1. Between region 15-38 and region 138-180, how many Å separate their Cα centres?
2. Sum up the lysine pairs in region 192-328 that clear both bars: alpha-carbon distance under 18 Å and a spacing of 8 or more or different chains.
3. Sorted by average packing, counted as other Cβ atoms within 10 angstrom per residue and highest first, what order do 49-59, 16-26 take?
4. For region 194-211, take each phi angle, set θ = phi - 60°, evaluate the Karplus expression 6.51 cos²θ - 1.76 cosθ + 1.60, and give the result in whole Hz per residue in order, putting x for glycine and proline.
5. With all protein chains present and a 1.4 Å probe, how do TYR259, TYR165 order by accessible area, largest first?
6. When the Cα centres of region 200-241 and region 295-328 are compared, how far apart do they sit, in Å?
7. Which of the peptides 157-163, 97-103 is most tightly packed, and how do the rest follow, judged by the mean count of other Cβ atoms within 10 Å per residue?
8. Going by average Cβ density within 10 Å per residue, which order do the peptides 119-125, 287-293 take, highest to lowest?
Amino acid sequence: MARVFSGIQPTGTKHLGNLLGAIRHWVTDQDEHDCLFCIVDLHSLTVPYDVEELRRATLDLVTLLLAAGIDPDRSTLFVQSHVREHSELAWILSGVATTGELSRMTQFKSKAGGRDSVSVGLFTYPVLMAADVLLYQGERVPVGDDQRQHVELMRDVAIRFNGRYGDTFVVPEASIPPIGARIMDLQAPENKMSTTCGTELGTVYIMDPPGRLKKKIMSAVTDSGSEVRAGPDKPGVTALLDILSSVTGTPTSALEERYDGVGYGTFKRDVLDALVAYLEPIQARYAELRADPDAVRAALAQGAEKARVLAVPTMERVRDVVGLLPTS
């Protein structure tokens, strides 16, 4: 079994793209790999935020992951800040990564927005990402294609550290989900669905009730003509086909045959019905867990203990090879 590390920030309401592009693959991975699922709350400190909102969002995200099928008995689910070795390793790795590498990170350029003054954390958070994975000797990192650059950095850092201090870290590899990895905005289908950069009406949130889902699906942008098929000239219909294919497991080609000669109205209603059926059990389980927050916190405590069993030996090895004086 490969060891798989996945991290997700607590900030931002989670949407269908998060669920279909990442979370549902994590649920499946539990049956095949040794999985660690980390709520990376320290990464949320790099930009201005509301303190109480961060606490609430962190607990809400844990609840959502449990509702979606993450099982704390089959995997390790924990909060990043509950395992202090993340921060320590990030500092040590900052002596291995270079400013040139970090300045080339496209996400930093995007988030900095050309400003001269941004937090140092926004610049160095890829080093913390590297520490998150290397701390647990992670072999696979499931990420979207836009995160591939960060995995390449953590690979470079691991190789450089091993070359300088001796074999210490497993060199991880990116794992890009082949299906449902790019769920597009329903109002701007040339863009990925996003909480921060997307349109409100084009972003389907996991906890959207059926009435809200109906408004979003039925008002989704379509294309000229009435042919239900995927293609670069039909981004709106393609976005809806991707959703229907992802939630039903039906290949797009089969859906194109099914809706041959059928208008957009019927097609959209079927997308809506399939989406409501897919989200309903997750929403119901989420409501149950929200009523028992102590159980959610207990799952986090269990996860943090399991994570420390892996993190502590790695840090003992790192401290030794870099020449830090032992405490005893």
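The values are calculated or read from the model by the stated rules, or taken from the named source; none is laboratory data. A quick note: this is a predicted structure, and the numbers were derived from the prediction, not measured. Cβ atoms come from the backbone with ideal geometry, glycine included; neighbour counts cover every protein chain shown. What goes into the accessible areas is simple: the full protein's heavy atoms, side chains included, and nothing from ligands, DNA or RNA. Shrake-Rupley method; radii C 1.70, N 1.55, O 1.52, S 1.80 Å.
1. First find each Cα centre; the distance between them is then 18 Å.
2. On the way: LYS192/LYS216; LYS192/LYS234; LYS214/LYS268; LYS215/LYS268; LYS216/LYS268; LYS234/LYS268.
Within region 192-328, the lysine pair count is 6.
3. Numbers: 49-59: 13.6, 16-26: 22.4.
For the peptides 49-59, 16-26, the packing ranking is 16-26, 49-59.
4. For region 194-211, the Karplus curve yields 8, 6, 8, 10, x, 8, 5, 6, x, 10, 8, 8, 4, 9, 4, x, x, x Hz.
5. Details: TYR259 10, TYR165 75 Å².
Ranked list, largest accessible area first: TYR165, TYR259.
6. Comparing the Cα centres of region 200-241 and region 295-328, I get a distance of 45 Å.
7. Packing order, densest peptide first, comes out as 157-163, 97-103.
8. On the way: 119-125: 16.6, 287-293: 12.4.
Ranked by mean Cβ neighbours within 10 Å, highest first: 119-125, 287-293.
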